[in-house]
Amino acid sequence: MKVDIHQQTFHFRQPAGTSRGIYTERTSWLVTVTDGGKTGRGECAPLPDLSCDALPPHIYKEVLEKFCRQLEQTGQIDTEAMRPYPSMLFGLETALLSLRNGPRLFDTPFSRGEEGIPINGLVWMGTYDEMLGRIEEKLQAGYGCVKLKVGAIGFDHELDLVSRIRRRFSPREVELRLDANGGFQPEEALYRLELLSQYAIHSIEQPIKARQWAAMASLCREAPLPIALDEELIGVNDPDAKRQMLRIVKPAYIVLKPSLHGGMAGCREWIAIAREEGIGSWITSALESNIGLNAIAQFCSHVYGARITFPQGLGTGQLFTDNIPMPLEIHGDQLWLRTLDIDH
């Protein structure tokens, strides 16, 4: 077995804005595993200033090379040792699955091209007019669930955007999800959530910054709309710590990104523990290229089973001008995998 690493930068079609800043390009480390005549590929894609393994590039590559050499020697991934390095773990998990199973990482209706996965339409932060235009595009494209990034352009403008959607579309026609990326201050968050709740919001992700468990637990208890955790899960890698955090904070949902939250192995743990605690979950991508997105979508279809009805966050395949071609297509508000291309 031989493992090679190739660093690649992808460029966004338009700036991707969050309350943490704006992304214009994205660096990934593509891993290729060969064994005899077989080849597998995976993507290691840490997010700067967010991933718990977002190390300086030269150090990241050194650590990744160490795990790649171990994989060459043993033919296995040391999942326990890689808990602190979720983006690396996800990339190696994907490469090894691809090597063993071929393009169809998991045998599911989605991977066989028989079913699509419902996805939300993602509206990035921008100016008021930009966001209004992007919302119109998603609604015209037929999305039944739209997710808005909020927390950066002024709350009054964001509240107006939400109200405009609700004046045109009832909750039965369009489900609204919000993602604040920790953009609200704890002292103002409850009041803002009360104002938003009048517009039948499905949920809001990470209203305040992570690592404020008492404040977040209070919000989850008192807010009139469901709260989902995202950044809060980053760096919580031990199963006991995961259970403790969920029991303290008691969110309605957790939002899982394999590159951030422990790879596939770590996300399986999160899903199982959340179910034990009566907490829902869904899976999203974390600005990976199509290599990572394909793996996340197939993993999603595997862990949630056939006929997924809950919209997932997998509509990021059109973000880059120089993405890697993969047989992924969006039809309406569903992501599909074209089996003809992967079988031949």
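Assorted remarks:
- Out of HIS58, HIS11, HIS6, one residue alone is open to solvent by 10 Å² or more (accessible area, probe 1.4 Å) and touching a residue at least 60 places away in the same chain (Cβ under 8 Å). It is HIS11.
- The single condition from (1) open to solvent by 50 Å² or more (accessible area, probe 1.4 Å); (2) within 30 Å of TYR60 (Cβ to Cβ) that ALA141 fails is (2).
- Of the residues making up region 16-28, one or more are open to solvent by less than 40 Å² (accessible area, probe 1.4 Å), on the phi > 0 side of the Ramachandran plot and either in a strand (DSSP E or B) or modelled with pLDDT under 95 (or both).
- Filter pass, GLY121 being touching a Phe, Trp or Tyr at 6+ places or on another chain (Cβ under 8 Å), surrounded by 19 or more Cβ atoms within 10 Å (Cβ to Cβ), under 30 Å from LYS61 (Cβ atoms) and touching a residue at least 12 places away in the same chain (Cβ under 8 Å): no
Residue by residue, here is whether (1) more than 20 Å from CYS267 (Cβ to Cβ); (2) in a strand (DSSP E or B); (3) in contact with a Gly (Cβ under 7 Å, 6 or more places away or on another chain); (4) at pLDDT below 95 holds:
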| residue | (1), (2), (3), (4) |
| --- | --- |
| ARG164 | yes, no, no, yes |
| GLU187 | yes, no, no, no |
| ARG192 | yes, no, no, no |
| ALA215 | yes, no, no, no |
| ALA241 | no, no, no, no |
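- Members of region 194-203 found to be among the small types (Gly, Ala, Ser) and outside any helix (DSSP H, G or I), listed by number: ALA200, SER203
- Hits in region 77-92 (condition: farther than 17 Å from LEU233 by Cβ, in contact with an Asp or Glu (Cβ under 9 Å, 6 or more places away or on another chain) and surrounded by fewer than 24 Cβ atoms within 10 Å (Cβ to Cβ)): ILE77, THR79
- Checklist (1) out of contact with any Gly (no Cβ under 8 Å at 6 or more places or on another chain); (2) assigned to a loop (DSSP other than H, G, I, E, B); (3) over 26 Å from MET216 (Cβ atoms) applied to HIS302, failing item: (2)
- Every test in (1) touching a helix residue (DSSP H, G or I) at 6+ places or on another chain (Cβ under 7 Å); (2) within 15 Å of ILE119 (Cα to Cα); (3) buried (at least 24 other Cβ atoms within 10 Å of the Cβ) is passed by ILE296 save one, and that test is (1).
- Neighbours by Cβ (under 7 Å, 6+ apart or cross-chain): first from region 61-86, under 13 Å from VAL33 (Cβ atoms); second exposed (fewer than 13 other Cβ atoms within 10 Å of the Cβ) and among the basic types (Lys, Arg): GLU72/LYS2
The values are calculated or read from the model by the stated rules, or taken from the named source; none is laboratory data. Note that the coordinates shown come from a computational prediction; the quantities given were computed from them, not determined experimentally. Glycine also receives a Cβ, built like all others from the backbone with ideal geometry; neighbour counts cover every protein chain displayed. For the accessible areas, the whole protein counts, side chains as well, though only heavy atoms, and no ligand, DNA or RNA atoms are used. Shrake-Rupley method; radii C 1.70, N 1.55, O 1.52, S 1.80 Å.
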